[in-house]
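The values are calculated or read from the model by the stated rules, or taken from the named source; none is laboratory data. Fair warning: this is a prediction, and the values are worked out from it, not measured in the lab. Virtual Cβ from ideal backbone geometry, glycine too; neighbours counted across all protein chains shown. Just the protein is used for accessible areas: all its heavy atoms, side chains included, with ligands, DNA and RNA removed. Shrake-Rupley method; radii C 1.70, N 1.55, O 1.52, S 1.80 Å.
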Amino acid sequence: MVDDTELERLYDYPAELDRAWTQVNFVSSADGAVAVAGLSAGLSSPGDKRIFSLGRDLADVILVGWGTASAEGYRGVKRTELRAERRARLGLRPLPPIAVVSGRASIPPDSPLITDTTVPPIVITSGAAPAPRLADLRAAGAEVIVAGESTVDPRVALAELSARGLRRVDCEGGPTLFGTLIAADLVDQLCLTVSPVLAGGVVGRIAAGAVAEPVGMELASVLAEGGFVMLRYRRAGR
């Protein structure tokens, strides 16, 4: 692995963005499993965690599906000395909010995403979400974005984030959200760590859902540490 300065150079976002630019972070086993015992932590490594943390340091907003946020026990992003220094140097807000996607706004108002955070979270939902649920989330301190009628439209969601100045988007999954972004051709970069284990089982892939046709990506960098391979793929032409 390289030092923090080189990692930041490799993984930083393009300058002067005029739209939401979406990076997706995932880890998988060598045989394609997205989790071990239901969690991604069993596939991770110190190097993978450095890149995961860096993704949060460099982002304006963390985008995640409610299923993943719930399973992984998400809370608000925490301050660290490195994060504070890096974000101040890059002219970013002190901490990025977490934007959680749920078509029916299923996040409980007492979720740690809302109660254990410095920055109010954003709930991205659809017109199908019950109005009382949206009112409860707003009362609990969350910002609510309705992006689509019966389901969440990822194009509308990213446009709404961009309108709020949140253009450096770091998506942390899960597979359904990733698949939706692929189908809409909204993935600019994929950061994929391949873990040197064979997990077997019936665990799904890192992306789920129908895609009209494959999306071409270019290999932008390869790092290795302790048998783990950290790959960075960039959308061709972006």
Worksheet item: If you check residue 18 against the conditions, is it among the acidic types (Asp, Glu), under 26 Å from residue 195 (Cα atoms) and out of contact with any Leu (no Cβ under 9 Å at 6 or more places or on another chain)?
Response: no
Worksheet item: Within the stretch 135-150, how many residues turn out to be open to solvent by less than 20 Å² (accessible area, probe 1.4 Å) and more than 20 Å from the chain's Cα centre (by Cα)?
Response: 1
Worksheet, complete the sentence: Selection from the stretch 8-27 of residues open to solvent by 10 Å² or more (accessible area, probe 1.4 Å), outside any helix (DSSP H, G or I) and not hydrophobic (A, V, I, L, M, F, W, C) yields 12, 13, 14, 16, 18, 19, 25
Item to complete: Hey, can you tell me all the residues within the stretch 89-113 that are within 11 Å of residue 69 (Cβ to Cβ) and not hydroxyl-bearing (Ser, Thr, Tyr)?
Response: 98, 99, 100, 101, 107, 112, 113
Worksheet entry | Answer residue from the stretch 44-57, given it is touching a residue at least 12 places away in the same chain (Cβ under 8 Å) and open to solvent by 60 Å² or more (accessible area, probe 1.4 Å) and is farthest from residue 162 (Cα to Cα) among those | 46
Worksheet item: Are any of the residues in the stretch 187-196 over 18 Å from residue 48 (Cα atoms), within 17 Å of the chain's Cα centre (by Cα) and acidic (Asp, Glu)?
Response: yes
Response to the item:
Taking the stretch 155-174 and the residues there that are outside any helix (DSSP H, G or I) and open to solvent by 30 Å² or more (accessible area, probe 1.4 Å), the one that is farthest from residue 60 (Cα to Cα) would be 164
Practice prompt. Out of the residues in the stretch 58-78 that are out of contact with any Pro (no Cβ under 7 Å at 6 or more places or on another chain) and of a type in the set (D, E, K, R), state the one that is surrounded by the fewest Cβ atoms within 10 Å (Cβ to Cβ).
Written response: 78
